[in-house]
Amino acid sequence: MPRFLSVMVLWPLLTMLLASPAAAMPATLTLNADQQAYTVGPWLEILEDKSAGLAVEDVMASDQWRPSQSESVNLGVTHSDWWFRFSAHSEYRREQLFLLEIAYSNLDVIEIFLVDENRVIETFTMGDHFPFHRRPIDHHNFVTPVYWPAEKTLDVYLHVRSSGAMQLPLTIWHPADFSASDQKRQLAAGLYFGAMFIMVLYNLFMYFGIGDRSFIFYVGFVGCISLFVSSLTGYSFQYLWPEAISWNEKSIGFFLSLAVNFAVMFTHRFLGASDETRPWLIRQGLRLMYLLSLAMLLSSLFVPYTRMLVIVIGGSVLACIAALILGIYGWVKGEIAARHYVLAWSSVMIGGLVLAGNKASLLPQNAITDNAVQIGSLMLVAMLSFAIAHRLNEERRRRYDAQYEALTHERNARAAKEDALLAQQRANAELEKKVEERTEALRKANTILEELSETDVLTGLKNRRYLDEAGKREYVRCFRYRRPVSLVFVDLDHFKSLNDTHGHLIGDDCLRTVA
């Protein structure tokens, strides 16, 4: 029983020890018609050249090779040169053309050596430290044609130098399969850049139509992000500046820094970060981010590439964090546009972190990590477009509400004015009526007074005053028309004797009776 247990324990260890030499030495890759493409990573061996002075003859004789143990080599940022090798055997009975693709466009120097029985039979040199026309095939990635002899095994050695991330996603293609796959990739790239270009044009027209500076900042941001992605994927070097080697190395950091600069200005304008109602810390933080973006911009032009990458990527992450904090603050305050803003920057921040993790060899290299920036930036552009559209709708609604409120106030003011006018008219009519009544009363009073002034109180007949005025009138009338006038007097005989004898009361009665 103890012997059985010993065998059970030692057998796996013995198996691993016996298997480890075989595992350490990758097998030969077989090329045939059964596969469309061959991922070379599992068959690769790696050798680090810290002195950057080894020749192909030196590495061929070296025993320091180690297997890559991954489908896509990703060594992160390193200061060493690296050598890679693999062996492949063609089962075709005739010489066959294959395409060797390195799907990473930011490698400084690439030397490919085809070795047959320890003899170099062909050499290719390329990289972004050489003019684009030096590449054997016009492609944004590094694609090399290799004519494989019939039923032959070739050793392929690759010498790679990079001041950035050391990545080697190596694939062997049949030409027709490469063309079909590349068409899909070019279509995806065309859709991406086309969407970004449409957003640039649309928001540029919106700026000219509305005049809001947030649109021009957004246009600058989208344009710089597009150029950053184009430089990162090699399209700019292929189509825009194929001979500008030095500028091509700086362009990635430059456009990313400029995009951050536009993003900070857009944030200030879009979320009102300069508003005095914002917390002091947020306002000062955005000002610092603006200064940081300027420092990033200068570093992209004057700082060595490796250090520049650290500054630019670190600054971009800080800018995303600051933008998220400001957006979350606005979201908490109830600003609906800030919600889209937070979602937009979350997507690009995740994409940026995935890219940084990919370049730092913390995340594996695959279709998602390689295109994280494109995915994140496209989501960012879409979400920011929603945010801008929502803000425009919100401003339009506020203007409509303000216009409606102003119109309501105007209507109320007009109604109040009409009511006041009606009240004034009624008051005037009432006053006029009262004036007429008072005038009529005054006229009647004057008439009565005049009657009283012309009438004798005792007899009720016209008095001496009336006689004087009537006499004057009649005299003037008769004089005007030349007519005669007559005056009749009635005298009461012995009235004075009656008045003296019987008293004034009897005299008054006598006068009243005669009248």
Can you give the Rg to Rh ratio for the stretch 22-176, taking only C-alpha atoms and Rh from Kirkwood? 0.93
Less than 16 Å apart at the alpha-carbon level, and either on another chain or at least 8 residues along: which aspartates and glutamates does that give for Lys250? Asp108, Asp128
What's the ranking of 497-510, 134-147, 335-348 by average number of surrounding C-beta atoms within 10 Å, highest first? 335-348, 134-147, 497-510
Which value, in nm² and rounded to one decimal, describes the direction-averaged projected area of the C-alpha convex hull of the stretch 141-225? 8.6 nm²
Taking Phe386, Phe479, Phe266 and counting other beta carbon atoms within 10 angstrom, the fewest-first order is Phe479, Phe386, Phe266
From the Cα centre of the stretch 53-76 to that of the stretch 442-466, the distance in Å is 143 Å
Dividing the alpha-carbon radius of gyration of the chain by 2.2 N^0.38 Å (N being the number of residues), what value is obtained? 2.28
Aspartates and glutamates with Cα under 13 Å of Lys462, excluding same-chain neighbours fewer than 8 positions away: Glu450, Glu451, Glu454
What's the Kirkwood radius of the stretch 188-405 in Å, using all Cα pairs? 17.9 Å
Only helices counted: for the chain, with every DSSP H run of 4 or more residues adding -39500 (n - 2.57) and the sum spread over all residues, [θ] at 222 nm is -21500 deg cm²/dmol
Note on the stretch 455-514: the mean projected area of its alpha-carbon convex hull, in nm², is 4.9 nm²
What is the magnitude of the charge dipole of the chain about its Cα centre, with +1 placed on the Cβ of each Lys and Arg, -1 on the Cβ of each Asp and Glu, and no other charges, expressed in debye to the nearest 20? 1940 debye
Going fewest to most other Cβ atoms within 10 Å around each Cβ, Ile321, Ile216 line up as Ile321, Ile216
Using a 10 Å cut-off on Cβ atoms, rank the peptides 389-397, 255-263 from the highest mean neighbour count down. 255-263, 389-397
Residue exposure sequence - Thr171, Thr78, Thr125 - by fewest surrounding Cβ within 10 Å: Thr125, Thr78, Thr171
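Rule-based calculations on the coordinates, nothing more; no lab input. Note that the structure is a prediction, hence the values are computed from the model and not measured. Methodologically, a virtual Cβ is constructed for each residue, glycine included, from the backbone with ideal geometry; neighbour enumeration extends over all protein chains shown.
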